[in-house]
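Visitor: Encoded as structure tokens, here's the structure I'll be asking about.
No lab work stands behind these numbers, since they all come straight from the coordinates. Given the structure is predicted, the values throughout are model-derived calculations rather than measurements. Note that each Cβ is placed from the backbone with ideal geometry, even for glycine, and that neighbours are counted across all protein chains shown.
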Amino acid sequence: MLKTSRGFSLIELLITIAIIGLIAVVAYPAYDNYIMKSRRTEAKTTLMEMAQKQEDIRSDTNSYTSDMVKLGMVWADKKYYDFSITGAGKSTYTLTAVPKEGSMQLKDETCRDFFLTQTGERTAKNAGGSETTKDCW
């Protein structure tokens, strides 16, 4: 009587592990890129929310604010970008989003920093400081 073997051979297991490894090598960078893009969207959305709050404050006080607390935003849940306001006055402000230290967004070479002014002018800069607005906004 012949004995039939059950299970997988060592070669079959090695081939399966190699295929899984190749899929992981291709998929992981694409996943990282997807995650960075979604976090960019979060930063741009937050800047737009801040701009709306600035307009609300200006309609009440006839001036923009540089006080983040007056904007009423919750910053504790913003894990990947630091937000700031510069040049706030009666008629101007610039909102800025830059990656937090230690954040994965620091690896984003294309669209690292985002800016939004009171006129709605949107600007983005890459890791080298060159403007990349067309690709990022």
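Visitor: What does the extension gain come out to for ARG6 and TYR34, with contour length at 0.36 nm per residue minus their alpha carbon separation?
Guide: Contour length minus the Cα-Cα distance gives 5.9 nm.
Visitor: Given Cβ point charges of +1 (Lys, Arg) and -1 (Asp, Glu) and nothing else, what value in debye, to the nearest 20, does the dipole of the chain about its Cα centre take?
Guide: Here the chain has a charge dipole of around 380 debye.
Visitor: Turning to a different aspect of this structure: Would you kindly derive the ³J(HN,Hα) couplings of the stretch 41-52 from the backbone phi angles with the Karplus curve 6.51 cos²θ - 1.76 cosθ + 1.60 (θ = phi - 60°), listing them in order in whole Hz, with x for Gly and Pro?
Guide: Couplings: 4, 4, 5, 5, 5, 5, 4, 5, 5, 4, 4, 5 Hz.
Visitor: If you don't mind, another one. If I model a spin label as a point 7 Å beyond the Cα along the Cα-Cβ vector, how far apart are those points for LYS70 and LYS90 in nm?
Guide: Simple spin-label model gives 1.5 nm for this pair.
Visitor: Moving on to the next point. Calculate the all-directions average of the projected area of the chain's alpha-carbon convex hull, and give it in nm².
Guide: Dividing the Cα hull surface by four gives the mean projection, 12.8 nm².
Visitor: Looking at SER9, THR61, ILE23, which one has the Cα that reaches farthest to the positive end of the dipole of the chain (charges on Cβ: Lys, Arg +1; Asp, Glu -1)?
Guide: Of the candidates, SER9 comes out farthest on the positive side.
Visitor: Compute log10 of I(q)/I(0) for the stretch 1-64 with the Debye formula, placing one identical point scatterer on every Cα and leaving out solvent, at q = 0.18, 0.23 Å⁻¹, to two decimals.
Guide: Here log10 of I(q) over I(0) equals -0.81, -0.94.
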